[in-house]
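Peer 1: Please see the structure below; I have some questions.
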Amino acid sequence: MRVKGVLFDLDGTLWFKGKVIEGANECLDWARKRGLKVRILTNTDTGTGEMLRERLIDDGLDVRPGEIYTPADAALTLVRQNPGKRFHFLVSRRLTSFFEPFSVASPPSDFVVVGDFRDNFSYERLNTAFRHLREGAQLVGLQKGKYLVRADGCYIDTGAFVAALEYASDKTARILGKPEKEFFSGCLAEMGLCADEVVMVGDSVTTDIEGAVRIGAAGILVKTGKYEPGDEARLATLPRWFEVTESVKQVPPVVERGMRAGV
Ligand SMILES: [Mg+2]
């Protein structure tokens, strides 16, 4: 395997319920020392990669500048690719401020971007987004997760609100996060690597491993976080090289073995 980079999922793979998963920092360190490019590809959509990094460092995860790629970073790319277009954002407070220079409050607009707005939720805000859609805007979801798990329990995720707006407006959202091909290719372009030069490591068959399949990358499923026994059997198509392992701790030897075998 000509591995030149490793894409890690964050939640449930490197970090879970506010704590660093055992072996995560050592694995990141191994990859960097091995000369492999590292990116943490997360569907966490409350902030940009740099915003998330501050919190993860506080939690003890050793993440370097520019290593995290979130759907909010992909949204910024979308904004830059569409100069002169009007955007309306239904996102967290922090991202609302971040995107303020590109944002319009009242319809009409060209794009409505929906992300995790748990700290900014109101019926009125949801309905304003709906009115933008009624007046012709395209619906964009930062991601389409159903629920997320935190230390104190489960929370309704962005996907449920995207689905509510799809239902009310009769529109289908364009999704920016995992497992969409566009999300991975945007990150790979930034890394300067091709899909067959990276391995995706994650705990979710439907987002991480499915994403690896879609772009033609190798995949390693870890049995931490959201993983449930038998998840791997749910994959209709396997990545071109696929391994299942206990946790991120075992990833370095698994990748080394793959590299030696020239898979
Ligand atoms: Mg995960």
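Peer 1: In Å², what does the accessible area per residue of segment 19-114 work out to with a 1.4 Å probe? Don't skip to the answer; put the middle values down first.
Peer 2: Details: 4360 Å² over 96 residues.
With all protein chains present, segment 19-114 gives 45 Å² per residue.
Peer 1: Also, I was wondering about something else. Starting from the 7 Å offset along Cα-to-Cβ, what nm value, one decimal, do you get for the label separation of E246 and S97?
Peer 2: 4.3
Peer 1: Per residue of segment 22-38, what does 6.51 cos²θ - 1.76 cosθ + 1.60 with θ = phi - 60° give for ³J(HN,Hα)? Whole Hz please, x for Gly and Pro, Karplus curve as stated.
Peer 2: The phi angles translate into 3, x, 5, 4, 5, 5, 4, 5, 4, 4, 5, 5, 6, x, 8, 6, 10 Hz.
Peer 1: With θ set to phi - 60° and the Karplus curve 6.51 cos²θ - 1.76 cosθ + 1.60, what are the ³J(HN,Hα) couplings of segment 85-94 in order, to the nearest whole Hz, using x for Gly and Pro?
Peer 2: Karplus-based 3J(HN,Hα) across segment 85-94 equals 7, 9, 10, 10, 10, 10, 9, 4, 4, 5 Hz.
Peer 1: Here's another thing I want to ask about it. Report R34's accessible area, 1.4 Å probe, all protein chains in place, as a number in Å² to the nearest 10.
Peer 2: Solvent-accessible area, nearest 10 Å²: 100 Å².
Peer 1: I've got another one for you. Grab the beta carbon distance between D29 and Q138, set R0 = 45 Å, and tell me the FRET efficiency rounded to 0.05.
Peer 2: Computed FRET efficiency for D29 and Q138 comes out at 0.60.
Peer 1: Using helices alone, I'd like the mean residue ellipticity at 222 nm for the chain: each DSSP H run of four-plus residues gives -39500 (n - 2.57), total over residue count, nearest 500. Provide the component values of the computation, followed by the final result.
Peer 2: On the way: 9 runs with 89 residues, N = 263.
So the calculated ellipticity at 222 nm is -10000 deg cm²/dmol.
Peer 1: Compute the acute angle (0 to 90°) between the alpha-carbon long axis of helix 49-58 and the principal axis of greatest extent of the alpha-carbon atoms of the chain; round to the nearest 10°.
Peer 2: 60
Peer 1: Out of the GluC sites (Glu not before Pro) in segment 170-263, which ones are loop residues according to DSSP with at most 14 other C-beta atoms within 10 Å?
Peer 2: Details: sites: E180, E182, E190, E197, E210, E232, E243, E246, E256; in loops: E180, E246.
Of the GluC sites (Glu not before Pro), the ones in loops of segment 170-263 whose Cβ has at most 14 other Cβ atoms within 10 Å are E246.
Peer 1: OK, next. Using amide H atoms built 1.01 Å from N in the peptide plane, name the residues 5+ places from Y147, or on other chains, whose amide H lies under 5 Å from its own.
Peer 2: Answer set, sorted by chain and number: D157.
Peer 1: Which distance in nm do the two modelled labels at D196 and A261 give, with both placed 7 Å along the Cα-to-Cβ direction?
Peer 2: A separation of 1.8 nm, rounded to one decimal place.
Peer 1: What angle do you read, to the nearest 10 degrees and between 0 and 90, between the alpha-carbon axis of helix 123-134 and the longest principal axis of the chain?
Peer 2: 80
Peer 1: Additional query: Could you tell me the calculated FRET efficiency between A164 and V20, based on Cβ-Cβ distance and R0 = 35 angstrom, to the nearest 0.05?
Peer 2: Details: r = 34 Å, r/R0 = 0.97.
Here the calculated transfer efficiency is 0.55.
Peer 1: What is the Cα centroid distance between segment 15-53 and segment 224-241, reported in whole angstrom?
Peer 2: Here the answer is 21 Å between Cα centres.
Peer 1: Also: Summarise the accessible area of the chain (1.4 Å probe, protein heavy atoms) by the percent that is carbon and sulfur. Intermediate values should be presented prior to the final figure.
Peer 2: Numbers: 6020 of 11940 Å².
Answer for the chain is 50 percent, counting heavy atoms of protein chains only.
Peer 1: Something else: Go through segment 208-222 residue by residue and turn each phi into a ³J(HN,Hα) via Karplus (6.51, -1.76, 1.60, θ = phi - 60°); whole Hz please, and just put x for glycine and proline.
Peer 2: 6, 6, 4, x, 4, 4, 4, 9, x, 9, 7, x, 10, 9, 9
Peer 1: Shifting gears a bit: By the gyration tensor of its Cα atoms, with a ≥ b ≥ c the square roots of the eigenvalues, what is the shape of the chain: rounded for a/c under 1.5, prolate for a/b over b/c, or oblate?
Peer 2: Working: a/c = 1.85, a/b = 1.80, b/c = 1.03.
Prolate, because a/c is 1.5 or more and a/b exceeds b/c.
Peer 1: Using alpha carbons only, how many degrees (0 to 90, rounded to 10) separate the axis of helix 158-169 from the longest principal axis of the chain?
Peer 2: Orientation of helix 158-169: about 40 degrees from the principal axis.
Peer 1: Enumerate the amide H contacts of V91 below 5 Å, restricted to partners 5 or more residues apart or on another chain; note that Pro and chain-start residues carry no placed amide H.
Peer 2: The list, which skips near neighbours in sequence, is G115.
Peer 1: Express in Å², to the nearest 10, the accessible area of L14 obtained by rolling a 1.4 Å probe over the protein heavy atoms while all chains stay in place.
Peer 2: Using a 1.4 Å probe on the heavy atoms, I get roughly 0 Å².
Peer 1: Residues in segment 31-45 near a label at V254, defined as backbone nitrogen under 16 Å from the 7 Å Cα→Cβ point?
Peer 2: Counting only backbone N, you get 31, 41.
Peer 1: For a quick check: with amide H placed at 1.01 Å from N, whose amide H comes under 5 Å from V201's, ignoring anything fewer than 5 positions away on the same chain?
Peer 2: L7, F8, D9, I220
Peer 1: Ignoring ligands, DNA and RNA, what accessible area per residue does segment 141-181 give at 1.4 Å, in Å²? Before the final figure, lay out each step's value.
Peer 2: Working: 2130 Å² over 41 residues.
Result: 52 Å² of accessible area for each residue.
Peer 1: Please work out how much length the chain gains when fully extended from C154 to R174, using 0.36 nm per residue of separation minus the C-alpha to C-alpha distance, in nm with one decimal.
Peer 2: Details: separation 20, 0.36 × 20 = 7.20 nm, distance 2.51 nm.
Full extension from C154 to R174 adds 4.7 nm.
Peer 1: I've got another one for you. Give the accessible surface of segment 184-234 per residue, rounded to a whole number of Å², with probe radius 1.4 Å and ligands, DNA and RNA excluded.
Peer 2: On a per-residue basis, 35 Å².
Peer 1: Same structure, new question: Any idea what the relative contact order of the chain is, in percent, if you count C-alpha pairs under 8 Å spaced at least 6 apart?
Peer 2: Values: 517 pairs, mean separation 55.4, N = 263.
With pairs under 8 Å counted, the relative contact order is 21 percent.
The values are calculated or read from the model by the stated rules, or taken from the named source; none is laboratory data. These numbers were taken from a predicted model, which means no experiment stands behind them. Heads up, the Cβs are rebuilt from the backbone with ideal geometry, glycines too, and the neighbour counts pull from every protein chain shown. Quick note on the areas: whole protein, heavy atoms, side chains included, nothing else; ligands and nucleic acids left out. Shrake-Rupley method; radii C 1.70, N 1.55, O 1.52, S 1.80 Å.
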